[in-house]
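The values are calculated or read from the model by the stated rules, or taken from the named source; none is laboratory data. Predicted model only: the values in this text are computed from it and were never measured. Don't worry about glycine lacking a Cβ; one is built from the backbone with ideal geometry, like all the others, and counts go over all protein chains shown.
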């Protein structure tokens, strides 16, 4: 039950204001407003519309272009492929190991290119290596990439140039990359959630699981596409597990963010994420059925997982951009946090109308 105070004006026939009265009103379970004596009342104050000065948004939309969501995807793909390659190396699956290592190297190269292209100048990335700040996701992400890159690079080069690097170098390099890969897959979600963008900040608990699951699904899909069916069982399992984690975490984003969750369930972000979920589920179902029977089914299922991962990153990005355009996604959560901090119920509202 919501309690509120309403200030009303009684007007004469000429339209002049004669008096003002403060009326105590309650909204019952059916949404009707009733006065203190229980009589039905009509709400005087219209539903508030959040506006900002001169029609400007409260927050500036991110200036990032398509390169950033593409960077999010390629970084996750590299991490998922590195984990898959390490497992294949330890279990004696050379074709799957080769696909995973080469995929991790190629995706990492694409990821670094997209990042540097968005920064504008390569030296800006090098400048971030001057300090290591544990409280900065950007700083820690930079050092994660620095720690991950050599291992993924050496393992990938060992597959592209057989005989040039001995096995005793390639295996430790691949394993070191696999150990750091979960951090590479999830740090971008932490980076986004530490911005002022409401849709990213409010989803700080769920986004790392969305991104990690998406990375695993894309890594598994990559292995299904480029490894023979006989050696791709591990890729199929990784794809299914990643798809399940991605879908569940993505649904939690929609259900646990309250008002801000609308940014994920409306507009272009909703369309992208809907297709991401459909493709991811289709790829997982295909991995459990047709992918183990023949090459065509394996490739189709792997491509579906990869496409779902791409659309998931672009959908999350679009949700963040949209949440900066509507002031309510910034104002309402701030007021709710202030209410909780002051010990007041978030259902208590005081409205003043003249």
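Is there a residue being exposed (fewer than 12 other Cβ atoms within 10 Å of the Cβ), part of a helix (DSSP H, G or I) and modelled with pLDDT under 75 anywhere in the stretch 341-348? Yes, there is a match, as at least one residue in the stretch 341-348 is exposed (fewer than 12 other Cβ atoms within 10 Å of the Cβ), part of a helix (DSSP H, G or I) and modelled with pLDDT under 75. When each of 244, 249, 215, 227 is tested for being on the phi < 0 side of the Ramachandran plot and surrounded by fewer than 20 Cβ atoms within 10 Å (Cβ to Cβ), the lone residue that passes is 244. Within this structure, residue 226 fails the test of being within 30 Å of residue 257 (Cβ to Cβ) and in contact (Cβ under 8 Å) with a residue 12 or more places away in the chain. Looking across 265, 188, one residue alone is farther than 30 Å from residue 92 by Cβ, in contact with a helix residue (DSSP H, G or I) (Cβ under 9 Å, 6 or more places away or on another chain) and without any contact (Cβ under 8 Å) to a residue 12 or more places away in the chain. It is 265.
Here's the yes/no breakdown for (1) over 18 Å from the mean Cα position of the chain (by Cα); (2) under 15 Å from residue 235 (Cα atoms); (3) without any contact (Cβ under 8 Å) to a residue 40 or more places away in the chain; (4) surrounded by 23 or more Cβ atoms within 10 Å (Cβ to Cβ):
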{"position": "292", "(1), (2), (3), (4)": "yes, yes, no, no"}
{"position": "314", "(1), (2), (3), (4)": "no, no, no, no"}
{"position": "326", "(1), (2), (3), (4)": "yes, no, no, no"}
{"position": "329", "(1), (2), (3), (4)": "no, no, no, yes"}
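For the stretch 301-332, taking the residues that are out of contact with any helix residue (DSSP H, G or I) (no Cβ under 6 Å at 6 or more places or on another chain) and assigned to a helix (DSSP H, G or I), the one that is farthest from residue 190 (Cα to Cα) is identified as 303. Restricting attention to the stretch 276-290, the residues that are in a helix (DSSP H, G or I) and surrounded by fewer than 17 Cβ atoms within 10 Å (Cβ to Cβ) total 4.
Residues of the stretch 160-172 include at least one that is buried (at least 22 other Cβ atoms within 10 Å of the Cβ) and assigned to a helix (DSSP H, G or I).
With the condition kept exactly as written, say whether any residue in the stretch 106-124 is modelled with pLDDT under 85, in a helix (DSSP H, G or I) and buried (at least 18 other Cβ atoms within 10 Å of the Cβ). Yes, the stretch 106-124 contains a residue that is modelled with pLDDT under 85, in a helix (DSSP H, G or I) and buried (at least 18 other Cβ atoms within 10 Å of the Cβ). Residue pairs whose Cβ atoms lie under 6 Å apart, separated by 6 or more positions or on different chains, with the first residue in the stretch 121-140 and within 19 Å of residue 183 (Cα to Cα) and the second loosely packed, with under 10 Cβ neighbours inside 10 Å, do not occur. Just so you know, in the stretch 125-138 the residues that are within 25 Å of the chain's Cα centre (by Cα), part of a helix (DSSP H, G or I) and at pLDDT 75 or above include one that is surrounded by the most Cβ atoms within 10 Å (Cβ to Cβ), and it is 137.
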